[in-house]
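Heads up: the structure comes next, in structure tokens.
The values are calculated or read from the model by the stated rules, or taken from the named source; none is laboratory data. As the structure is a prediction and not an experimental result, all values here were calculated from the model. Reconstructed Cβ throughout: ideal geometry from the backbone, glycine too, with neighbour counts over all protein chains shown.
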Amino acid sequence: MSDTAVALAGENLTLAYESRTISRGLDVAIPAGRVTVIVGPNGCGKSTLLRALSRLLSPKEGRVLLEGADVRRLGGKPFARRLALLPQSSQAPSGITVADLVARGRFPHQRMLRQWSAADRDAVERAYAATGVGELADRTVDELSGGQRQRVWIAMLLAQDAPTMLLDEPTTFLDISHQLEVLELVRRLNADEGRTMVLVLHDLNQAARYADHLVVMRDGAVAATGAPDEVLTEQLLGDVFGLDARVVPDPVFGTPHVIPVASRSRGVGGD
């Protein structure tokens, strides 16, 4: 990645919850303007890494850099104007409308004495257009389907207008049609607007299809990084996932396609 600009990086990170250390000496670099997908077995630290990159978790050691700046030196609103996060489980206030939720994405851009502006309105309209949720604006979030809710949350992130977006397992609990809808939206946002997109996914074939760059984690460390066709090897699948598998070209997209053969015995984690 020496010739590629880095949007977001973690240097020598030690990440822990109280006395439980998840990662030690972790280094990671997220290329700018690309779709990066973080994969790995349960309990390997994927979501913990995303929490650290988004400032929800303070590293015990090391630092996180956003566009070269130490995130600890950025104020709350300046940071939110540059990076947006969709957590694993997002809960909307009961009874809130789609319009009100999407509008909340503009908070980092608003001033005390000028709460709403033409720029805010334009950003919300662009978010509606990109996600196709404008027709849902008057409905409450509670009454939407899972796929519709995910698109509304992404619309809120788009209204935030941050060049880097982090999405933690955005396809969880969605049927396959809605999973692909969300992933196609991610690719479109990257292609059309040049946004740096970072996702945590469990499905290796979806990761291979939609990612420009993969980060493979194991036991709190980065096991491999690079393009999917370089990273997803049968050796790595055995070493990292405990999986006996074959990797063949996808017959439609040409991306690596993982065919599981058998699972090797391994412990069960929870991340």
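Structure notes:
- For Glu18, the conditions (1) exposed (fewer than 14 other Cβ atoms within 10 Å of the Cβ); (2) touching a helix residue (DSSP H, G or I) at 6+ places or on another chain (Cβ under 7 Å); (3) not hydrophobic (A, V, I, L, M, F, W, C) all hold with the exception of (2).
- Members of the stretch 62-107 found to be within 21 Å of the chain's Cα centre (by Cα), basic (Lys, Arg) and over 20 Å from Pro31 (Cβ atoms), listed by number: Arg72, Lys77, Arg81, Arg104, Arg106
So that you can scan it fast, the table gives a plain yes or no per residue for (1) loosely packed, with under 14 Cβ neighbours inside 10 Å; (2) more than 21 Å from Ser54 (Cα to Cα); (3) at pLDDT below 95:
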{"position": "Gly194", "(1), (2), (3)": "yes, no, yes"}
{"position": "Asp203", "(1), (2), (3)": "no, yes, no"}
{"position": "Gln206", "(1), (2), (3)": "no, yes, no"}
{"position": "Ala211", "(1), (2), (3)": "no, no, no"}
{"position": "Arg218", "(1), (2), (3)": "no, no, no"}
{"position": "Ala224", "(1), (2), (3)": "no, yes, no"}
{"position": "Ala227", "(1), (2), (3)": "no, yes, no"}
{"position": "Val231", "(1), (2), (3)": "no, yes, no"}
{"position": "Val268", "(1), (2), (3)": "yes, yes, yes"}
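- Within the stretch 205-250, considering residues that are of a type in the set (Lys, Arg) and in the same structural domain as Leu50 (by TED's automatic domain parsing), the one nearest to Leu13 (Cα to Cα): Arg218
- So Ala207, is it part of a helix (DSSP H, G or I), touching a residue at least 24 places away in the same chain (Cβ under 8 Å) and touching a Pro at 6+ places or on another chain (Cβ under 8 Å): yes
- Of the candidates Thr36, Thr14, Thr48, the single residue that is assigned by TED's automatic domain parsing to the domain that holds Glu193, among the polar types (S, T, N, Q) and over 20 Å from the mean Cα position of the chain (by Cα) is Thr14.
- Top-ranked residue in the stretch 140-183 [being among the polar types (S, T, N, Q) and touching a helix residue (DSSP H, G or I) at 6+ places or on another chain (Cβ under 6 Å); ranked as modelled with the highest pLDDT]: Gln160
- Residues (under 14 Å from the mean Cα position of the chain (by Cα), of a type in the set (A, V, I, L, M, F, W, C) and closer than 20 Å to Thr4 by Cα) located in the stretch 185-215: Leu189, Met197, Val198, Leu199, Ala211, Leu214, Val215
- For Val222, the criteria (1) outside any helix (DSSP H, G or I); (2) farther than 11 Å from Val39 by Cα; (3) more than 15 Å from the chain's Cα centre (by Cα) hold in every case but one, which is (2).
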